[in-house]
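Chemist: This is the structure, below, for whatever I ask next.
The values are calculated or read from the model by the stated rules, or taken from the named source; none is laboratory data. All values reported here derive from a predicted model rather than from experimental measurement. Please note: Cβ atoms are built from the backbone with ideal geometry, for glycine as well, and neighbour counts cover all protein chains shown.
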Amino acid sequence: MINTIGIIGGSGQMGAMFGREFKRLGKEVLISDVDSIQMEKNLVAQSDLIIVSVPIDESSKVVKRISPWLRGNQLLSDFCSVKSKIIPSMLETEAAVISSHPMFGSMPDISKQNIVLLPVRGKKFLSKCQRLYQDLGLNVVVIDDWKKHDVSMSFIQGLMHFFHIVFTQTLKSKEVDLETLLSICSPVYQANFAFTCRILQRDPHLYTHILMDNPENVVVLKSFIDQAQESLKLIQKKDESTFMENFVSYRDYLGNFGEIFSNQSDFLIDKIKEYSPS
């Protein structure tokens, strides 16, 4: 049973949010942060589950620092977005390791959000860990091969974040009048702009390291740029037939997801029409 949970970085947004949620379940929560490093040894000694919730570039250092105090009957976890930066260090400890990745940021209600669990070592703890997050109302997704996580994230986070950043970079480079642009936009284009703004309003340190610390991102982003250049060539040549053939082939690739998520977009657009800025 997981009764006492120690969160290193427990004063940060993610650590504080999960600390609040664990307390709601009646768990004892211990926290430390950059101003209370001296408390880490006591936190580790008393905790059944230790979660490292620190910036990506600090994660491995923290694990190495607490490594001497970890025991084989304890569970070590983290909220790191790039697993290749932290899991090798976690495997050098004596603790069981189930890495995790909440697929959402700080918010008042986390119910129905996704969290990924990566059972690296000590799968006997997996059911307890799953139950813990399910009790918080989260959808738990288990990936057995942790190396596949960073590959998936290169598309989910790397490509998507890169797209939104470069989209904004393009607007800025052309000195676009945003007020005029947005006054023309229908809700579908406002939705795209809304997600761009959502990314750019977040922590620049976090998003810089999400993009720069995952080595899989470079491969995917180079492919994205290559594909963009190929499509640009077709537009420049006004090759309508090839462009339309490609368009249909991409739609076929999406399969049933195309209709499902197109319908979902209709739902989102209707909600956007109801929104009124305060």
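Chemist: Kindly list, by first and then second residue, each pair from a residue in region 211-231 that is charged (D, E, K, R) to a residue that is surrounded by 12 or more Cβ atoms within 10 Å (Cβ to Cβ) and not in a helix (DSSP H, G or I), limited to pairs with Cβ atoms under 8 Å and residues at least 6 apart or on different chains.
Modeler: From residues that are charged (D, E, K, R), the pairs are ASP213/VAL82.
Chemist: Separate question: If I go through region 17-29 residue by residue, how many of them are within 17 Å of the chain's Cα centre (by Cα) and either of a type outside the set (Phe, Trp, Tyr) or surrounded by fewer than 20 Cβ atoms within 10 Å (Cβ to Cβ) (or both)?
Modeler: 1
Chemist: Exactly one of these conditions fails for ILE86: (1) within 14 Å of the chain's Cα centre (by Cα); (2) surrounded by 14 or more Cβ atoms within 10 Å (Cβ to Cβ); (3) of a type in the set (A, V, I, L, M). Give me its number.
Modeler: The single condition ILE86 does not satisfy is (1).
Chemist: Does at least one position in region 208-226 carry a residue that is touching a Pro at 6+ places or on another chain (Cβ under 9 Å) and either surrounded by 11 or more Cβ atoms within 10 Å (Cβ to Cβ) or outside the structural domain of VAL54 (by TED's automatic domain parsing) (or both)?
Modeler: yes
Chemist: Shifting gears a bit: Identify the residue in region 169-206 that is polar (S, T, N, Q) and over 26 Å from CYS80 (Cα atoms) and, among all such residues, is surrounded by the most Cβ atoms within 10 Å (Cβ to Cβ).
Modeler: Ranking the qualifying residues of region 169-206, first place goes to GLN190.
Chemist: State whether the residues of region 160-181 include one that is farther than 30 Å from PHE125 by Cα and in contact with a His (Cβ under 6 Å, 6 or more places away or on another chain). Explain how you work it out, then say what you get.
Modeler: Filtering region 160-181 down to residues farther than 30 Å from PHE125 by Cα leaves 160-181.
In the following step, the residues that additionally are in contact with a His (Cβ under 6 Å, 6 or more places away or on another chain) were identified as none.
Taking every residue of region 160-181 in turn, none turns out to be farther than 30 Å from PHE125 by Cα and in contact with a His (Cβ under 6 Å, 6 or more places away or on another chain).
Chemist: Quick one: is MET153 surrounded by 16 or more Cβ atoms within 10 Å (Cβ to Cβ), under 25 Å from VAL54 (Cβ atoms), at pLDDT 95 or above and not assigned by TED's automatic domain parsing to the domain that holds LYS23?
Modeler: Details: surrounded by 16 or more Cβ atoms within 10 Å (Cβ to Cβ): yes; under 25 Å from VAL54 (Cβ atoms): yes; at pLDDT 95 or above: yes; not assigned by TED's automatic domain parsing to the domain that holds LYS23: yes.
Yes; evaluated as a whole, the condition is true for this residue.
Chemist: Hey, could you check region 181-226 for residues that are part of a helix (DSSP H, G or I) and among the small types (Gly, Ala, Ser) and say which is nearest to GLN13 (Cα to Cα)? Spell out how you get there, then give the answer.
Modeler: Keep residues of region 181-226 that are part of a helix (DSSP H, G or I), which gives 181-184, 187-200, 204-213, 216-226.
Adding the requirement that they be among the small types (Gly, Ala, Ser) leaves 183, 191, 194, 223.
Numbers: SER183: 34, ALA191: 26, ALA194: 22, SER223: 34 Å.
Once the filter is applied, the top-ranked residue is ALA194.
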